[in-house]
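**Q** Quick one: this structure, given as structure tokens, is what I'll be asking you about.
Laboratory data are not the source of any read-out in this text; all were calculated from the coordinates shown. All figures in this text were calculated on a predicted structure; none of them were measured in a lab. A quick note on method: Cβ atoms are made from the backbone with ideal geometry, for glycine too, and the neighbour counts reach across all protein chains shown.
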Amino acid sequence: MTKKTKVKVIYIYNDDHLPVHGWMHACSMCDLITSHTKFYSQVEKKNRLYEFHVFLCPYCKRQTKHSLKKRMEYYKSTQSYIKNLLE
């Protein structure tokens, strides 16, 4: 019998004035209020699976797709957040 892994979904966004459990938050790159999220990654740690979704407005999503500089900024800030959270 295998042990089941619990999944914890974590949403990444910039600080805002909106309710924590709401469906709109500040874009993680530009602070624009958005409901759009983008799946980032899954990480397993101590028999728990973490799934990360990032709030990203349509403009920043396009920027990360077409600009290497913006994509690197996005990955660097998101990885830093995840590293700090899981330590």
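**Q** Restricting to the range 7-49, give me the number of residues that are outside any strand (DSSP E or B), surrounded by 12 or more Cβ atoms within 10 Å (Cβ to Cβ) and not aliphatic (A, V, I, L, M).
**A** Number satisfying all stated conditions: 7.
**Q** Name every residue in the range 1-58 that is closer than 21 Å to M72 by Cβ and among the aromatic types (F, W, Y), in order of residue number.
**A** Y13, F39, Y40, F52, F55, listed by residue number.
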